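Participant: Can you keep this structure in mind? I'll have questions shortly.
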Amino acid sequence: MKLEPTPDWGLTVAAFDLLKDNLTMADPANPLRTILAGEARSRGLELDLNGKLTPNWSVVASYAYTDVRYTRSDTLQGERPTGVPWHGASLWTTYRLGDSGWKVGGGIVVRSDMLGQNEAYASADQPQPYKLDGYALLNLMASYDFRLLGCDAHAQVNVSNATDERYNPTTYGGTRRIGLGEPRSVVASLGLTF
């Protein structure tokens, strides 16, 4: 459902109930191999809000709640898959500095904790299921629009994970295969429109 309460604001609401079959997962007998795990159901809600606080100040916010469960599996019936956060949210805002050509922005991405290992993967090294901690990442940007060689030019610098947060966004079904999040990165770009 999409709503536009004013010309400058929009709200999208989506509820979902999805069923996916023929899923692959790590084999509990040998986590280095994969097997077909059956099917899983994903239910949840997504909200997206975007608009302008002023003619120069834009905001985009989103939230998602996701409940995923294996609905048909020899080893994981009723279990939650690994690496899927219950809650995810983000907020992004940009501000154009008048007619100067400059724009600055920043945002935060938040993920709740998630299951790192299911009961079926218990071993001597890791006898109990474990969780991966939730995390929050700060991203920043600055851009400048100008004329260059008779063309419209756009220069931009993006800083991802500005605080260099150490986080684990995913796991691969075992205690020795936890994904490491990207460290701080800075990307600069220059584009020309002919």
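Participant: Does LEU49 meet the test of being in contact (Cβ under 8 Å) with a residue 12 or more places away in the chain, on the phi < 0 side of the Ramachandran plot, aliphatic (A, V, I, L, M) and not in a strand (DSSP E or B)? Reasoning before the result, please.
Facilitator: Values: in contact (Cβ under 8 Å) with a residue 12 or more places away in the chain: yes; on the phi < 0 side of the Ramachandran plot: yes; aliphatic (A, V, I, L, M): yes; not in a strand (DSSP E or B): no.
No; evaluated as a whole, the condition is false for this residue.
Participant: Quick one: how many residues across the range 69-99 are of a type outside the set (A, V, I, L, M, F, W, C), modelled with pLDDT of 95 or more and under 30 Å from TYR144 (Cα atoms)? Walk me through it before giving the result.
Facilitator: First pass over the range 69-99, keeping only residues of a type outside the set (A, V, I, L, M, F, W, C): 69-75, 77-83, 85, 87-88, 90, 93-96, 98-99.
Restricting the remaining residues to those that are modelled with pLDDT of 95 or more gives 87-88, 90, 93-96.
Those left that are additionally under 30 Å from TYR144 (Cα atoms): 90, 93-96.
Going through the range 69-99 one residue at a time, the tally reaches 5.
Participant: Report, by residue number, each residue of the range 170-194 that is in a strand (DSSP E or B) and either farther than 14 Å from GLY83 by Cα or at pLDDT 90 or above (or both). Talk me through it step by step, then tell me what you get.
Facilitator: Let us first name the residues in the range 170-194 that are in a strand (DSSP E or B), namely 170-171, 178-179, 185-193.
The answer is SER185, VAL186, VAL187, ALA188, SER189, LEU190, GLY191, LEU192, THR193.
Participant: Which one is farthest from ARG41 (Cα to Cα), of the residues in the range 100-117 that are modelled with pLDDT of 85 or more and of a type in the set (Gly, Ala, Ser)? Working first, answer last.
Facilitator: Step one: filter the range 100-117 for residues modelled with pLDDT of 85 or more, giving 100-114.
Subset that is of a type in the set (Gly, Ala, Ser): 100-101, 105-107, 112.
Values: SER100: 50, GLY101: 47, GLY105: 37, GLY106: 34, GLY107: 31, SER112: 20 Å.
In this case the residue turns out to be SER100.
Participant: Would you mind stating whether GLU79 is in contact (Cβ under 8 Å) with a residue 40 or more places away in the chain and within 17 Å of LYS20 (Cα to Cα)? Working first, answer last.
Facilitator: Values: in contact (Cβ under 8 Å) with a residue 40 or more places away in the chain: yes; within 17 Å of LYS20 (Cα to Cα): yes.
So GLU79 passes the test.
Participant: Scan LEU32, LEU3, LEU36 and give me the residue that is over 21 Å from the mean Cα position of the chain (by Cα), in a strand (DSSP E or B), at pLDDT below 95 and more than 30 Å from THR171 (Cβ to Cβ).
Facilitator: Values: LEU32 fails: more than 30 Å from THR171 (Cβ to Cβ); LEU36 fails: more than 30 Å from THR171 (Cβ to Cβ).
Result: LEU3 is the single residue among LEU32, LEU3, LEU36 that is over 21 Å from the mean Cα position of the chain (by Cα), in a strand (DSSP E or B), at pLDDT below 95 and more than 30 Å from THR171 (Cβ to Cβ).
Participant: Test ASN22 against the stated conditions and say whether it is farther than 26 Å from ARG111 by Cβ and either modelled with pLDDT under 85 or of a type in the set (Lys, Arg) (or both). Give the derivation first.
Facilitator: Values: farther than 26 Å from ARG111 by Cβ: yes; either modelled with pLDDT under 85 or of a type in the set (Lys, Arg) (or both): yes.
The answer is yes for ASN22.
The values are calculated or read from the model by the stated rules, or taken from the named source; none is laboratory data. As the structure is a computational prediction, the values presented were derived from the model and not from experiment. Every residue, glycine as well, gets a Cβ built from its backbone with ideal geometry; the counts of neighbours run over all protein chains shown.
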